[in-house]
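Here's the structure we're looking at; comments come further down.
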Amino acid sequence: MQAEKKKKVIKTIRIDVDKCNGCRACEVICSSFHASPKYSSNNPARSRIRVIRDPIADIYVPVYAGEYAVAECAGRDKYTIDGKEYDECAFCRASCPSRSEFKEPDSGLPLKCDMCSSDPTLEKPLCVQWCLADALIYEEREEEVSEETTVDELEVDLDALANKYGLNKLNELLAKMTLAKKG
Amino acid sequence: MRYAETGFNLEIDLTRRNIERVATDPTDTALYMGGLGTNAKLLWDRVPPETDAFAPENLLIFGAGILCGTLAPGCNRTIVSTISPLTNLMAFSMMGGFWAPELKYAGYDKVVLRGKSSDLVYIWIHNDKVEIRDASHLKGKGAIETAEILRKELDEPKAQVSAIGLAGENRVYYASIEQGRSSASRGGIGAVMGDKGVKAIVVRGTKDINVAQPAEYLKLCNEVLEFIKFREKNPIPGVIPILGVLGSPQEMAIHDEKWHTENFMWGNARTRRKEFWTDDVDKEWLKTMEVSRKRLISCYNCPLKCGATISIPGLPTYMMKCFSKLTYTMAAYSNLDFGLRIAQRATEYGVDGYSAPQVMAFALELLENGILTAEDFPGMPEDSDGRFYWLLDRIVRREGIGDILANGTHWAANHIGNGAHEYAHNNIKKQEQLPLKLSMLNPIYFLMYATGEKISITQIEGQFPQGPFPELKDREEFCADWFQVPDEKFKQYFLDWEPRGEKSNPYYPTVEMCCDIVDWQERMHYIDDALGMCAGLSSFHMKAAYHIHNLPKFITYGAGIEMDEEAISFAAKRYRTLVRAINISRGMRRKDEKPPADHWKKRFPELEKELLDTYYKYKGWNNNGIPTEEFLREMGLDYVADDFLQRGIYDEVVEEVLDTETKSMEGANNAG
Ligand code: SF4
Ligand code: SF4
């Protein structure tokens, strides 16, 4: 079936790694915004932006959490830029089994950057607002895209759980919980 | 629920290899806040004055400030407190960087070390899992090297590491604790860590830190960021560049060093080189900086970028901040290239960038003047740069003359005798100071030098301009947006302050005004040290982002402890008094409270006496610098008053001192 074309605002963050000073303010404010209630706590380990940071090697890469990946990549690439060798996963946005980035520290559930979605919408994502070094620049543009099905957060989480424990186990657990709730 | 703090300390007994997670008493937080305040309380309670630095009973406390790990920009200080081997007094050095927030996320406010491990160990804190691990493979390794090895070995690239180098392992009295881009350097705390057999403390934490009133707290933080942006665009006019903008002195970013190189002293803090900063020097140093400096870098959650990554071709990369850029260079009469090179080695060894260069210059001066001889320096190169490397290598290994020099200029002079004390001329309370020698006594600075118990001028000054502005209209302009003052009277003090004439140094600001000014400046530093706030955004600056009007709100909204200006000032006064009480119980008295005799050429003994007399009274101390019984009880420090009474501290006969000579304070059992 041919998807209908639709105008969509593409939100981008331009990342200038040369300007990053490694302060992690972006992580701090991100974790605070996504706390519930909002801003009630801080924990960079919950943030949806991570600064891949190796000061001695002069490596600073702010990375945003993207899609959840079921399995780790089969092959990996190493980049050398300006004589600096970047870790295999340095630029990857995936929340994936191979690493601890972009997962809730206690549940292991995947995290994904939502551009600080909130009501009313913020003028700019908060990481951008808190990066006074201008390493993160927010841009919007319109593009024509085919309509896509949106996957909501719960679905992503469930999917991750299913992958981790198997669908059967999850079904069993859900059945049990339903019974328990009914009392 | 506890807000901002975790409510737990990690108590580690190294002798018995026992680790405990101990809940802390929230009433202590209300009384002493956190960081330095509660560190001081622990030291008072558990380290009696008979205990010296290297006794197993001495504690080494790594205290995160109460607001570290929250959204507050630049709030990242670890306050390290212990008894100093150099002074036998309480040492409290602070470091920025990333360690304190990480500790909070791991679930602890402090790490308290006691006892001694017989083998070299490191401590690995990963949330609830805490281990004492073997560090024999790290023996002799550099501090930065150690951090890199441990992060790899543990496969924890996000772990934060505080480590000592060879200097700490060998108990050099001015050994530092290094933490990547930051270090806690003063008072020989690295030696205490080495003495306890701890090479490093590695922390990784992934837990939450809560704040009490999120919306209000966020608003405060946003206001601070707005102010930081404003100041960046609008430096304060009429002051030297490092004071015009926020941050720890922007030594890594600002290239023009005319002011420091021509106003600070070279060699063993003696020689001023008035015409030093020529075009050629400017060009050469700029080139050095451009080749070596890879990036300006910040501490945790701060936009100020006060540090830099330095990569000199052929040497391992390290990170530098502040004034260590110049201390080695100037002590050795050398150039910036040398300064950056030797600082690399010194950082790996882990030594205080103020004391170490001065000790070496002192040794060479003794040689030059025949108090030490060539035999004391077998095999030392001829050139100045080479000599400094040679000396540094020997000091951190305690080899030959290095063993004596490793105890600092004061103790080395004691040991060497033969008039060597004349050369240990730049100390306060046995600790080497910035190499500054000036002409006319500044009464405000006199009081700060004499009574500051961090024994470093940069850790008590700030807030009030260092000198008068020549023109009234400039002073008026300065006062126009000076909202940080706790009281309007400070503006008047400044408006009336003239470079010459009746209302100039040393008799203006008047003695009473000086008391107000010094007390305000000191109070702001003590508040920062409890909160974990960087002085570079706060107390070190005139017109800073943090000040007496917003700091109490940070506590209220962040930690959920009701505070206003009066309450925060009262709390700060309480633990500031406790710091003094610890030092008084260890023998510190009025006779020890004096700047180096040659700090100013023009001294005014009568006035200085009046300044101290009045300031002591103002602070609630008797004429010997001891907090009075009445004042202690007023502060709620009855336990201190009772202890002082019991020890007969109030029965001492106060000797009249009116000399400006450097009389050394002979601590009891500290020479070894
Ligand atoms: S806030 Fe900006 S400068 Fe700081 S770590 Fe994030 S991207 Fe880098
Ligand atoms: S002002 Fe400078 S020293 Fe202070 S926290 Fe910020 S970067 Fe660190």
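Before rounding to the nearest 500, sum -39500 (n - 2.57) across all DSSP H runs of length at least 4 in chain A and divide by the residue total; then give [θ] at 222 nm in deg cm²/dmol. List each step's numbers first, then the result.
Details: 4 runs with 43 residues, N = 183.
One gets -7000 deg cm²/dmol as the mean residue ellipticity at 222 nm.
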- Item | Most fluctuating residue given options A:Glu144, A:Glu67, A:Glu27, as computed from a GNM of chain A linking Cα atoms under 10 Å | A:Glu144
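Ignoring ligands, DNA and RNA, what accessible area per residue does the protein assembly as shown give at 1.4 Å, in Å²? Intermediate values should be presented prior to the final figure.
Numbers: 34000 Å² over 855 residues.
About 40 Å² of surface per residue is accessible.
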- Where does each of B:Ile428, B:Ile240 land when they are ordered by accessible area, with a 1.4 Å probe and the largest first? B:Ile240, B:Ile428
- Under 30 Å from the Cα of B:Lys287 - lysines, other chains or at least 8 residues apart: A:Lys19, A:Lys84, B:Lys229, B:Lys233, B:Lys258, B:Lys274, B:Lys305, B:Lys321, B:Lys325, B:Lys437
- Task: Sort out for me the Cα centre separation of the stretch B:363-433 from the stretch B:599-646, rounded to whole Å.
- Result: 35
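Would the stretch B:8-204 count as rounded, prolate or oblate if I go by the C-alpha gyration tensor, calling it rounded below 1.5 in a/c and otherwise prolate when a/b exceeds b/c, oblate otherwise? Can you show the working numbers first?
Details: a/c = 1.39, a/b = 1.07, b/c = 1.29.
Rounded.
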- Query: Taking square-rooted eigenvalues a ≥ b ≥ c of the alpha carbon gyration tensor, is chain B rounded, prolate or oblate, where a/c under 1.5 means rounded and, failing that, a/b exceeding b/c means prolate?
  - Reply: rounded
- the stretch A:5-148, relative contact order [Cα under 8 Å, separation at least 6], %: 36
- Task: State the Cα centre-to-centre distance between the stretch B:201-230 and the stretch A:29-65 in whole Å.
- Result: 13
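Taking K and R as +1 and D and E as -1, what net charge do the other residues with C-beta under 13 Å from the C-beta of A:Glu142 add up to? Intermediate results must be reported in sequence, preceding the final value.
Values: positive: A:Lys5, A:Lys6, A:Lys7, A:Lys8, A:Lys11, A:Arg141; negative: A:Glu139, A:Glu140, A:Glu143, A:Glu144.
Neighbour charge sum, excluding A:Glu142 itself: +2.
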- Rounded to the nearest 5, the percent of DSSP beta bridges in the protein assembly as shown running antiparallel is 85
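Under the rule of -39500 (n - 2.57) per DSSP H run of 4 or more residues, summed and divided by the residues of chain B, what mean residue ellipticity at 222 nm is obtained, to the nearest 500 deg cm²/dmol?
Working: 25 runs with 260 residues, N = 672.
Here the helix-only value at 222 nm equals -11500 deg cm²/dmol.
Subtract the Cα-Cα distance of B:Phe276 and B:Glu476 from 0.36 nm times their separation in residues, and report this length gain in nm to one decimal. Please report the intermediate quantities before stating the final value.
On the way: separation 200, 0.36 × 200 = 72.00 nm, distance 3.41 nm.
Stretched out fully, the B:Phe276 to B:Glu476 stretch lengthens by 68.6 nm.
Within a Cβ distance under 10 Å of B:Gly238, other residues only, what is the Lys/Arg minus Asp/Glu net charge? Provide the component values of the computation, followed by the final result.
Details: positive: B:Arg475; negative: B:Glu471, B:Asp474, B:Glu477.
Residues close to B:Gly238 contribute a combined charge of -2.
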- Message: Let me spell out the model: positive unit charges on the Cβ of Lys and Arg, negative unit charges on the Cβ of Asp and Glu, origin at the Cα centre of the stretch B:370-515. What dipole size does that give, in debye rounded to 20?
- Response: 320
- Message: Rounded, prolate or oblate for the stretch B:438-671? Axes are the square roots of the Cα gyration tensor eigenvalues, ordered a ≥ b ≥ c, and the cut-off for rounded is a/c under 1.5.
- Response: oblate
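What is the interface area between chains B and A, defined as buried accessible area summed over both chains with a 1.4 Å probe, reported in Å² to the nearest 100? Write down the numbers at each step before the final one.
On the way: alone 24380 and 12500 Å², together 34000 Å².
Buried: approximately 2900 Å² between A and B.
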- Item | Shielded residues, the stretch B:205-250 - accessible-area loss of 50 Å² or more between chain alone and all protein chains, probe 1.4 Å | B:Thr206, B:Asp208, B:Pro214, B:Leu218, B:Leu225
- Fraction of beta bridges assigned by DSSP in the stretch B:8-204 that are antiparallel (%, nearest 5): 75
- Query: So if we plug the beta-carbon distance of B:Asn263 and B:Lys602 into 1/(1 + (r/R0)^6) with R0 = 22 Å, what FRET efficiency do we get, rounded to 0.05?
  - Reply: 0.85
- Heavy-atom accessible surface, probe 1.4 Å, ligands and DNA/RNA ignored: which residues of the stretch A:1-40 lose at least 20 Å² versus the isolated chain? A:Asn21, A:Cys23, A:Arg24, A:Val28, A:Tyr39, A:Ser40
- Message: Between A:Leu179 and B:Asp403, what is the label-point separation in nm under the 7 Å Cα-to-beta-carbon projection?
- Response: 7.8
- Considering only the stretch B:1-110, percent of DSSP beta bridges that pair antiparallel, nearest 5: 95
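The values are calculated or read from the model by the stated rules, or taken from the named source; none is laboratory data. Model, not experiment: these values are computed from the prediction. Note: ideal-geometry Cβ built from the backbone for every residue, glycine included; neighbour counts use all protein chains shown. The protein model used for the area step is the full one, side chains on, heavy atoms only, and it has no ligands, DNA or RNA in it. Shrake-Rupley method; radii C 1.70, N 1.55, O 1.52, S 1.80 Å.
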